[in-house]
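Reviewing the structure listed below.
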Amino acid sequence: MLEIRNIHASVEGKEILKGINLTVKAGEVHVLMGPNGSGKSTLSNVIVGNPQYTVTAGTITFNGRDLLAMPPEDRSHEGIFMSYQQPVEIPGVSMNNFMRAAVNAKRKYQGLPPIGGGDFLKMVKEKRELVGLDADLTRRSVNEGFSGGEKKRNEIFQMAMLEPQLAILDETDSGLDVDALRIVAEGFNRLRTPQTAAICITHYQRMLDYIKPDIVHVMLDGRIMRTGGPDLAYRIESEGFDWLKETTPNS
Amino acid sequence: MDALIASGLPTKKDERYKYTDIAAALEPDFGLNLSRLPLSFDPRQTYRCRVPGLGSRVHYVVGDSVAESNVIVDDGRLFVGPMVEFAQRYPDLFRAYYNKVEGDSLTALNTMLVQDGIVIRVAKGCKVDDLLQIVNLSVGNVPMLANRRQLIIMEQGAEASILCCNHSATGCNNLATEVVEGYLANGSHLQYYSVEETSDNCNLLNTTAFMQHEGSNLEYGSITLNSGLLRRSVKIEFDGSNAQTTVSGLVLAHGTSHIDNNLLVAHNAPLCRSDILYKYVLDGSSTGAFAGKVLVNAQAQKTDSQETNANLCVSPSARMFTQPMLEIYADDVKCNHGSTVGQLDDTALFYMAQRGITPEEGRLLLQQSFAWDVLQRIDLLPLRQRLIHMVEERFRRGIGACGDCVMCGGNEI
Amino acid sequence: MLKSRVKSQEPRVKNDNTFVRDVANRDYEYGFTTDVETEVIECGLSEEVVRLISQKKGEPDWLLDFRLKAFRHWQTMEQPSWAHVELPLIDYQAISYYADPRGRKHKSGRQEIDPELEKTFDKLGIPLNERLALSGVAVDAVMDSVSVKTTFKEKLAEKGIIFCSISEAVGKCPQLVRQYLGSVVNYRDNFFAALNSAVFSDGSFVYIPKGVRCPMELSTYFRINAINTGQFERTLIVCDEGGYVSYLEGCTAPMRDENQLHAAIVEIVVQKDAEVKYSTVQNWYPGDKEGKGGVYNLVTTRGLLKGERSRLSWTQVETGSAITWKYPSCILQGDDSIAEFYSVAVTNNHQQADTGTKMVHLGRNTRSTIVSKGISAGHSQNSYRGLVKMSDKAGGSRNYSSCDSLLLSDTCGAHTFPYIDVNNDSSVVEHEATTSKISEEQLMYCNQRGIPPEEAVALIVNGYAKDVLSKLPMEFAVEAQKLLSVSLEGSVG
C-alpha cells in the first residue's frame, strides 16, 4: 500500500530524515518509536504533505501512485489520514460544517454528488457513537475549548467519518489517562479492517497493549535503526534507546 | 532653523500632537541663558539623588548647562561628559552620530537653541557595571527655557545602564526641550530609564529616538511621578533583525498636569520583538494621553509585538485619551494590542474593607498593585526597589516626597 | 453571465478592456447594466443644479433652503485626506447629480414600473412583486436617483408605519421629515455630508409609531446603473417610543472602468425604549483585479439614541467598493441606552477600506460593544478606525471593543487606529486587537482532511467572521457568507 524509498527531508534547511525506507501493506499495524527529534513526526508530516517540510530525495508511492506529486487534500482523498498530536483549533467553524466540507470534498474527488443533509447527520451520529464522542462536541467549533482527551477522541471520530485506508496516529496516546486511552484505542480498533493499515507513533508500550502491532520500527537520528516484532517495543520500554546506538542500521 | 520655519510648530491638528497644545506651552516669555552665566549653585553639595545598592556615577545638568563639578570619564572604553568636550575630542564620532534623528519642528527648535548636553559612548565590547546617572535640574528665578541634549552611542556588543532623573529646584514656571538620541550597534544592550519628578510648573517637551541594529536589546522605561506638562515622543526603530525592545511606562498624574506619551515602534527588519506596557493613574483634574503605534513594514516578517495600555481614572475630573495603533504591511506577524480605561475594583475594595482595611488604604494598595507590574519589568533590582519605594511614597504622602532629596518640595535657589 | 448592453444616450463603453472585464465578471456577478431610458441631467454642480434637483422632485421651499445652505457651506470645504486610503481628488464637475431611470413613462403618469427595471431587481434577487417577495421583507428599491418601488407599503400603513421613499415622505409627512432631517448628521459635519445634503436624491424614510413593533424586515436596495452619475441617497429612520424595526440595506453597481461616487447619509433617531437594528451588505463594484474602476463609497451613517433605554445595533458586511470610507456611529444620549457595532470588512485586489465606528457616550450607564473583523488579501489596505468617547456626564458607562485583522497575503496591509477618550472616573473602556495571518496549521489541517485550499480559506474566514455574520437576519446571513467566499476568490496562490 505505502512504499517509502530513501526519503530525505529537511525543515528550515536542516536535514531531519536521512534516508527512510518503509513498506506498509494492507492489514498491517506499524509502530514507530524513537527518542524526541529522531524524525518520527517529520516522517508523518512528509507523508501527508505538510509544506513546511521539504523532501530533498526519495520517493513515496501509495497504491502505486506518486504521493509526493499530490497536494495534501488529494493525499487525504486517496485515503491517508493523520491523527494529530496537537490538533489545531479553528474558531467559529463548527465540527459539523468542517466535516461536511471534508466529506463532500472527498465525494467530489470520487465523482460523487454532495451528501444530503439528513444522510450526513445520520452518519455523524453513527460515527460519533462508535468513538463515544458527545453530541455537543460536534456542534462546537473545531477543537476549540476541547480537553486533551476530547481532541484525541475527535481525531478518531474524523477518522471514522473519512474512512481512510492508512491512518497515521501521531502520539495519539500522549496526554491521555488510561481510561481515555482505552476509549480512543477501542475506537481505532473498531475501524480496523483487513483492507486498512496504520502507522502508530508512540513513546509508550501501554498504547501497544491496546493496539497490537505487527511490526515495530525504531528511529534514531533520521534513520530507521532497527525493525522487529512486538518484542522490540518491550525491550525499548525496559532498556531505552541507548543500546541501539552501538548497533548498525538494519538494511 | 529651516525645518522649523518650513513646518512651523506642531498644532493640535497634527495627528501626533492631537492631545498636546505645543503653542500654548511655548507661549510664556521664557528667558534663555544665552550668555552662559554661571549659576551659583553646586548640585553636588545640595542635591543627592542616588540609588542605594548601586555604584553610580552622577552627572548633573543644571538648566541647560552641564555642571562644572562633573568629573569627565574618558578612558577609551567609556566616555561620559559634556557634548562640547566630546565634539572636540572625537569630532568624527560626533559628526557621525549627532543630530541624525529624523525629527519634527520641536527637534529643530532644540537643535537650534541647544548649547550643551551629555554624551555617553560605550566602546565596542565594553560592559559598564556602574549605573550611569544623569540628573537634570530645572533652576532659575525667572521663567526659563532650557534646551537639553543627550547622545548615547553603544558600540558593538557594548552594555550599559543609564538612569536619567529630572528634578526641579525652582518655583518658577519653566520649560525644557530635550532630545535624546541613542544608537545600539549589533549585539549591544542598553537599559535606559527616565524618572520625571519635577513640579506642576515644570514643563518638558522630549523627543527620544533609538536606532537598533541586529541583535541589540533595549529596555526603555519612563516613570513620571510629578510634572506639569510633559510630552514624550519616543521612536524606536529596528534596522537589523533579531533585535528586541521592552518599553515600559508608568504615569502618576495629579492636579492639572498633562502627560502625553507618543510612541512609535517601527519594525523595518525581520524577527524583531517589541513588548510595550504603559500604565497611567490619573487623579485630580489631570489629563493623560497615550498614542502608541506599532508599524510593521513589509520586510519585517515574523515580527512579534505586544502592546498594552491600562489606565485608572481615580477622580471624576481626570481624563484619558488613548490610541493604541497597529499599522501592518507584512503578513507573517503576531501583533496584539489592548487598552483599558477603568477604575479601582469595587469588589476588591469591599473585600479588603471586610478584612478591616480602610478604603484609603485599600485604594493605595490597589493603585500600587496596578503600578506594580510596570516596575517589575525593570531589570536592575536596586533601581526597581528604589522606584517601588518612590511610587509607594508618592501614593502615600503625595507629591514631592521621594524621601531622600534635599530639594524635595521645590525650594527656590 | 450577462453581456453588458450599452444604452443609446450613454457614451460608448470602451471595449479595449474585455479580457480584464471577463475575468472580473466571474467574481462580480452584479456587474451588468440595465437598458432603460434614463433621464440624466448634465454633469456639473452649481446652485442651479441644486435648484433643478429640488424642482424635479417638486420640493417645498424649506427643503430647497436646506439644500442651498448645505451647498454654500460645501463650497467652503476641501475634500478630506485623513483616512488611510488613497482617494484621488474627485472632479465634482464631471459627475451628473441626477439620473431618473423611470424615463418618460413617469411623466406620462403611468404607475407601473418599466418591466426592464423589475427584471433588473429580479436578477439581483430582489423581487418587486409582492407575491414573489421574500417572506416578511418589505423593499424600497432605489435605482440611481429615484425610488422605483416600495413594496408592502399598504400593509405596513395599517400599523401606522410609514415606509416610503424620502421624496414621497417630503410630500406625505413634511412635519416629520422637517423635524428630523439633518438632526443627527448636520450638513456641516463633513465634506461628503455637506455634498449629500445639497444634492441628495432618493433614499428611504421609515417612521415607526409609538409602541409598534414592525412585523417585517424593511429593506432598501440601492443600485447604481447610469454612467457618470453619483448616487447621493439619504435614509432617515425614526423609531418612536417603544417601537422596533429591523432594517437592511443592500447595494450593487455595474462594472465600469470609471470610478463612481456614492456619498450617502443615513440618519437614525431612536426614542425612549425603542430599538433599531440596521444591517448593511455592501457589495458595490470593487473595481477589477488591476484596481481599475469601482465605486467610491464615502458615507456618513449615524444614529442618535435619544431616549432612555433606547437601543441601536449596526451590522455591516463590507465586501465591495474600490474605496470605503464609512463609520456607522452612535450618539448614546439617553441614559441606559445600548449601542452595538458589528463589522466584517473584506478587501481584495486593490481595494481600500477605512471603516469603523464612533461611540459617543453622553448619557449615564450607557453601554456599547464594538466587534470588528478585517480581512485583507491581494494588494488591498484595510483599516479599522474607531472612537470611543466617554463624556464627563456619562458616568457608569461601559465599552468593549475587539478588533481583529486577518492577513491573507504579504502585499496587503491591515491597520488599527482606535481612539479612546475618557472624561470621567466611573466608566470602563476595554479595547483589544490582534493581527495575524491565516494560520498555516489550520490550512494544513483542513487540507489533510481533504478540503482544498481555496475552500479551506473560505471556511476559516467564515468561521473568523461568525460573531458578526450571526448578527445578520437569516436571509442575509447566507448571502453574506457566500459573498465572503466570492470576494476572496483567487486570494490564495
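Between the DSSP loop rule and a limit of at most 16 other Cβ atoms within 10 Å, which trypsin sites (Lys or Arg not before Pro) in the stretch C:172-257 are left? Could you put the intermediate results ahead of the total?
Numbers: sites: C:172, C:178, C:188, C:210, C:213, C:223, C:234, C:256; in loops: C:188, C:210, C:256.
Answer by residue number: C:188, C:210.
Under 16 Å from a point placed 7 Å out from the Cα of residue A:163 along the Cα-to-Cβ direction: which residues of the stretch A:96-123 have their backbone N that close?
A:100, A:102-116, A:119-123, by backbone N distance to the label point.
Between residue B:67 and residues 5 or more places away or on another chain, which pairs have amide H atoms under 5 Å apart, with H built 1.01 Å from N, and which residues are they?
Sorted by chain and number, the residues that satisfy this are B:60, B:61, B:62.
Evaluate the charge dipole of the stretch C:18-326 about its Cα centre and quote only its size in Debye, nearest 20, assuming +1 on the Cβ of each Lys and Arg and -1 on the Cβ of each Asp and Glu.
On the way: 37 positive and 43 negative charges, 169 e Å.
Charge dipole, the stretch C:18-326, about its Cα centre: 820 debye, nearest 20.
Can you pick out the pairs among C:159/C:358; B:18/B:302; A:14/A:151; C:149/C:172 whose Cα atoms lie more than 26 Å from each other? Please report the intermediate quantities before stating the final value.
Working: C:159/C:358 33 Å; B:18/B:302 32 Å; A:14/A:151 31 Å; C:149/C:172 16 Å.
Flagged as over cut-off: C:159/C:358; B:18/B:302; A:14/A:151.
Once you have a ≥ b ≥ c as the square roots of the Cα gyration tensor eigenvalues for the stretch B:53-133, tell me rounded if a/c is under 1.5, and otherwise prolate or oblate according to whether a/b is larger than b/c.
Details: a/c = 1.82, a/b = 1.40, b/c = 1.30.
Judged from the Cα gyration tensor, the stretch B:53-133 comes out prolate (a/c at least 1.5, a/b above b/c).
Buried accessible area for the C:B pair, summed, 1.4 Å probe, in Å² rounded to 100?
Heavy-atom accessible area buried at this interface is about 2600 Å².
Which distance in Å, rounded to a whole number, links the C-alpha centroids of the stretch B:211-242 and the stretch A:118-163?
Between the Cα centre of the stretch B:211-242 and that of the stretch A:118-163, the gap is 50 Å.
If I compute solvent accessible area with a 1.4 Å probe over the protein chains, what percent of it on chain C is carbon and sulfur? Show your work: numbers first, answer last.
On the way: 8550 of 17870 Å².
Taking all protein chains in place, chain C shows 48 percent carbon and sulfur surface.
Determine the shape class of chain C: with a ≥ b ≥ c the square roots of the Cα gyration tensor eigenvalues, call it rounded for a/c under 1.5, and otherwise prolate if a/b is greater than b/c, oblate otherwise.
rounded
Let me confirm one metric for peptide B:280-290, namely the mean number of other chain beta-carbon atoms within 10 Å of its residues' beta-carbons.
Across the residues of B:280-290, the mean count of other-chain Cβ atoms within 10 Å is 1.
If I take every Cα pair under 8 Å that is 6 or more residues apart in the stretch C:270-404, average their sequence separation and divide by the length, what percent do I get for the relative contact order?
On the way: 443 pairs, mean separation 29.4, N = 135.
Answer for the stretch C:270-404 is 22 percent.
What distance in nm separates the simple spin-label points at residue B:130 and residue C:428, each placed 7 Å from Cα in the Cβ direction?
Reported label-point gap for residue B:130 and residue C:428 is 5.0 nm.
What number, rounded to the nearest 500 deg cm²/dmol, is the helix-based mean residue ellipticity at 222 nm of the protein assembly as shown, given -39500 (n - 2.57) per DSSP H run of at least four residues and division by all its residues?
On the way: 32 runs with 295 residues, N = 1157.
Rounded to the nearest 500, it is -7500 deg cm²/dmol.
Under 5 Å between amide hydrogens, which residues at least 5 positions from residue C:388 or on another chain qualify, with H placed 1.01 Å from N in the peptide plane?
Under 5 Å from the amide H of residue C:388 lie the amide H atoms of C:359, C:419, C:420, C:421, each far enough along the sequence or on another chain.
Whose amide H sits under 5 Å from the amide H of residue B:146, counting only residues 5 or more places off or on another chain, with H placed in the peptide plane?
For residue B:146, whose amide H was placed from the backbone, the distant partners under 5 Å are B:175, B:176, B:177.
Local charge sum around residue C:271 (other residues, Cβ-Cβ under 9 Å, Lys/Arg +1, Asp/Glu -1)? Each step should come with its number before you reach the end.
Values: positive: C:210, C:272, C:306; negative: C:240, C:241, C:273.
Overall, the nearby charge balance is 0.
Quote the FRET efficiency, to the nearest 0.05, computed for residue B:21 versus residue C:77 with a Förster distance R0 of 22 Å and r equal to the Cβ-Cβ distance. Mind dumping the intermediate values first?
On the way: r = 24 Å, r/R0 = 1.11.
Using R0 = 22 Å, I get an efficiency of 0.35.
Below 8 Å, C-alpha to C-alpha, sequence gap of six or more: please give me the relative contact order for the stretch A:201-251 in percent. All intermediate terms of the calculation are to be shown ahead of the outcome.
On the way: 42 pairs, mean separation 16.9, N = 51.
Here the relative contact order equals 33 percent.
If you take the charge dipole of the protein assembly as shown about its Cα centre, with +1 on Lys and Arg Cβ and -1 on Asp and Glu Cβ, which of B:91, B:157, B:173 is farthest toward its positive end?
B:173
According to the square roots a ≥ b ≥ c of the eigenvalues of the Cα gyration tensor, what is the shape class of the protein assembly as shown, taking rounded for a/c under 1.5, prolate for a/b larger than b/c otherwise, and oblate for the remainder?
Here the protein assembly as shown falls in the oblate category.
Given the pairs C:56/C:123; A:25/A:108; C:437/C:466, which are separated by over 25 angstrom at their Cα positions? Please report the intermediate quantities before stating the final value.
Numbers: C:56/C:123 29 Å; A:25/A:108 27 Å; C:437/C:466 17 Å.
As for pairs spanning more than 25 Å Cα to Cα, those are C:56/C:123; A:25/A:108.
Suppose each label sits 7 Å from its Cα in the direction of the beta carbon; what would the residue A:119-residue A:23 distance come out to in nanometres?
It is 3.8 nm.
Take the Cα of residue A:189, step 7 Å along the line toward its Cβ, and report every residue of the stretch A:126-166 whose backbone nitrogen sits under 15 Å from that point.
Within reach of a label on residue A:189: A:131-132.
Please report the antiparallel percentage of the DSSP beta bridges confined to the protein assembly as shown, to the nearest 5. Please report the intermediate quantities before stating the final value.
Working: 58 of 339 bridges.
In the protein assembly as shown, approximately 15 percent of DSSP beta bridges are antiparallel ones.
In debye, nearest 20: dipole of the protein assembly as shown around its Cα centre with unit charges on the Cβ of K, R (+) and D, E (-)?
On the way: 119 positive and 143 negative charges, 337 e Å.
With only Lys, Arg, Asp and Glu charged at Cβ, the dipole is about 1620 debye.
Among C:55, B:243, C:338, which residue has its Cα positioned farthest towards the positive end of the charge dipole of the protein assembly as shown, with +1 placed on the Cβ of Lys and Arg, -1 on the Cβ of Asp and Glu, and the dipole taken about the Cα centre?
Going by the Cα projections, it comes out as C:55.
Students often forget the sequence filter, so: which aspartates and glutamates lie under 18 Å Cα-Cα from residue A:106 once same-chain residues fewer than 8 apart are removed?
Cα-Cα hits under 18 Å: A:73, A:74, A:78, A:119, A:155, A:163, C:454, C:455.
Quantify, in whole percent, the carbon and sulfur part of the accessible surface of the stretch A:1-89 (1.4 Å probe; protein heavy atoms only).
On the way: 1540 of 3440 Å².
The nonpolar share, carbon plus sulfur, comes to 45 percent.
With each pseudo-label sitting 7 Å past Cα toward Cβ, what's the residue B:345-residue A:55 distance in nm, one decimal?
If labels sit at residue B:345 and residue A:55, their model points lie 5.4 nm apart.
Report the one residue of A:154, A:87, A:115 whose Cα lies farthest in the direction of the positive end of the charge dipole of the stretch A:81-164 (charges on C-beta: Lys and Arg +1, Asp and Glu -1; origin at the Cα centre).
A:115
What is the sum of charges around residue B:156, taking Lys and Arg as +1, Asp and Glu as -1, for the other residues whose C-beta is under 15 Å from the C-beta of residue B:156? Working shown, then result.
Details: positive: B:77, B:121, B:124, B:127; negative: B:155, B:159, B:214, B:239.
Local charge sum for residue B:156: 0.
Evaluate E = 1/(1 + (r/R0)^6) for residue B:11 and residue C:411, where r is the Cβ-Cβ distance and R0 equals 30 Å; express this FRET efficiency to the nearest 0.05. Intermediate values should be presented prior to the final figure.
Numbers: r = 35 Å, r/R0 = 1.17.
E(calc), rounded to 0.05, equals 0.30.
Among residues other than residue C:52 whose Cβ falls under 13 Å from its Cβ, what is the net charge (Lys/Arg +1, Asp/Glu -1)? Don't jump to the answer; show the numbers that get you there.
On the way: positive: C:51, C:56, C:57, C:67; negative: C:39, C:42, C:47, C:48, C:59, C:100.
Counting the neighbours of residue C:52, the net charge comes to -2.
Enumerate the lysines that residue C:292 could reach by cross-link, defined here as Cα to Cα under 23 Å, with residues fewer than 8 away along the same chain left out.
Those lysines meeting the cut-off are C:3, C:7, C:14, C:326.
Can you tell me the accessible area per residue over the protein assembly as shown, all protein chains present, probe 1.4 angstrom, in square angstrom? Intermediate results must be reported in sequence, preceding the final value.
Working: 44110 Å² over 1157 residues.
On a per-residue basis, 38 Å².
Can you compute the FRET efficiency between residue C:122 and residue C:48 using 1/(1 + (r/R0)^6), with r the Cβ-Cβ distance and R0 = 35 Å? Round to the nearest 0.05. Mind showing how you got there, number by number?
Values: r = 38 Å, r/R0 = 1.08.
After rounding, the FRET efficiency stands at 0.40.
How shielded is A:83-94 by partner chains, expressed as the average number of their Cβ atoms within 10 Å of its Cβ atoms?
Mean shielding count: 5.
The values are calculated or read from the model by the stated rules, or taken from the named source; none is laboratory data. Keep in mind the model is a prediction, meaning the values are calculated, not measured. All Cβ positions, even for glycine, are placed from backbone atoms using ideal geometry, and neighbour counts span all protein chains on display. The protein model used for the area step is the full one, side chains on, heavy atoms only, and it has no ligands, DNA or RNA in it. Shrake-Rupley method; radii C 1.70, N 1.55, O 1.52, S 1.80 Å.
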